[in-house]
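Okay, structure first, notes after.
The values are calculated or read from the model by the stated rules, or taken from the named source; none is laboratory data. Here the structure is a predicted model, which means the values were calculated and not measured. Because the Cβ atoms are built from the backbone with ideal geometry, glycine has one as well, and the counts that use them run over all protein chains shown.
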DNA sequence: CTCTGAAGTGAACGATGTTAAGTTAGCGGT
DNA sequence: ACCGCTAACTTAACATCGTTCACTTCAGAG
């Protein structure tokens, strides 16, 4: 599959065409191998049929290329989250559907998700912008839920908690796939409802309560 | 800081002494730089005052060295989780203290946590064993909670949900530290109580309920 | 003192990201 | 038709990395 096509030079004004070819080659490579480190500049260059330094004509370094790849792919998440909240009958359902779309996307694009959301925080600003975008969706839906009266409290805090929840599901399943995970949708819905209910309850179990009291309080919630 | 001490050769039976020196050098380097990639074999060897291939006398490859480092550090997590559940007055409190100890450990050792819990799942068995150990603690405490009557259901499922929850908090704060995170302990306790309450409630919000019905159900839970 | 085997080295290989300097060729101008 | 400019690309090299192989050194039993 290592194409030996030498690729014709682009015409005069079309130098930017190479950028697209490099980008799609890198995207394909990352999708095929699902491994960041096997997306080497040499592998990308070979697939495009071009020499390695040509990549530097359009991307500052390897990180910039990977960022561009992830940005492209996360565009799908952006769309999925928008659709999910658009199609939902109410704000709570919107939140649920967004959460589901989020974990589905993460598990469908595990290596992309890993690069953007589970990588070292050192510099690497574009990843943070992508993350901010995703967080923004959650924040909007949480705000809508507060407006609807189904949630109460600081929207940013609530959104961070929900985001941490869905991210926990997604990232742990990506990193530890051999654990006995239940089917994704059911597992997500269970956690989502639990967190939703728990956040709506707007109360905490104080420390130092006796075991009996804790049990009694929690039992009183049972359906 | 690149030690130029040539290090004396170990006496006859003490070849294994080098293993320890390499291990602590790697641990120090990882802690100091908080960056996996700057722990190169050459840097480790230089710090010990030994040549690079000597490392291979005691570690199969770089991954094995990093695994050993993480295993060593995660021993602290093991102890912290054991203490947390030992000191707690009841099973629910044990679970809470374990969760708190877990996120505290993760944020105190971010790069170690990243390597073990947020890395690519490819091979790398030792990381999975470490993860299994941590999961085992959660599972034990969940089982105790079920025995105490404060939780109900499949212990493995419940433990996975709780684990995903604490991992979500820890890993997202590690990967995206510039988000407006509230103070750790308070944030954790909020999420923990929410999840605890939600799981104890043992019910789900069905899809297709109207917004009013959802609001009414959740409102009925408020303190 | 010798000689053996444990303890450690030197030099090299192939792969990687990155840079500097050079080459090729599309295309408007004459 | 042919210049010549410059956009588009290449060749060659560098530094660094993990890893391997053949080689050396030296502590200490005999």
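Among the residues of the range B:47-58, those that are touching a residue at least 40 places away in the same chain (Cβ under 8 Å) and either part of a loop (DSSP other than H, G, I, E, B) or surrounded by fewer than 18 Cβ atoms within 10 Å (Cβ to Cβ) (or both) comprise B:49, B:50, B:57, B:58. For residue B:7, indicate whether it is surrounded by 11 or more Cβ atoms within 10 Å (Cβ to Cβ) and more than 30 Å from residue B:133 (Cα to Cα). So residue B:7 fits the description; yes.
Only residues that are within 10 Å of another protein chain (Cβ to nearest Cβ), within 13 Å of DNA strand C (Cβ to nearest atom) and surrounded by 14 or more Cβ atoms within 10 Å (Cβ to Cβ) were counted in the range B:24-42, giving 0. Tell me yes or no: at least one residue of the range A:11-23 is assigned by TED's automatic domain parsing to the domain that holds residue A:195, without any contact (Cβ under 8 Å) to a residue 60 or more places away in the chain and assigned to a loop (DSSP other than H, G, I, E, B). Scanning the range A:11-23, I find no residue that is assigned by TED's automatic domain parsing to the domain that holds residue A:195, without any contact (Cβ under 8 Å) to a residue 60 or more places away in the chain and assigned to a loop (DSSP other than H, G, I, E, B), so the answer is no. Of all residue pairs spaced 6 or more apart or on separate chains, those with beta-carbon atoms under 6 Å, a first member in the range A:134-159 that is on the phi < 0 side of the Ramachandran plot and assigned by TED's automatic domain parsing to the domain that holds residue A:117 and a second member that is surrounded by fewer than 18 Cβ atoms within 10 Å (Cβ to Cβ) and in a helix (DSSP H, G or I) are A:155/A:143; A:155/A:146.
Only residues that are under 29 Å from the mean Cα position of the chain (by Cα) and within 10 Å of DNA strand D (Cβ to nearest atom) were counted across the range B:27-56, and they come to 12. Contact annotation: residue pairs with Cβ atoms under 7 Å, 6 or more positions apart or on different chains, pairing a residue in the range A:174-200 that is more than 7 Å from chain B (Cβ to nearest Cβ) with a partner that is surrounded by fewer than 18 Cβ atoms within 10 Å (Cβ to Cβ) and part of a loop (DSSP other than H, G, I, E, B), are A:187/A:181. When residue B:87 is tested against (1) crowded, with 20+ Cβ neighbours inside 10 Å; (2) within 14 Å of another protein chain (Cβ to nearest Cβ), just one condition goes unmet, and that condition is (1). For residue A:79, the test of being more than 14 Å from chain B (Cβ to nearest Cβ), under 27 Å from residue B:210 (Cα atoms) and either within 16 Å of DNA strand C (Cβ to nearest atom) or surrounded by fewer than 18 Cβ atoms within 10 Å (Cβ to Cβ) (or both) is passed.
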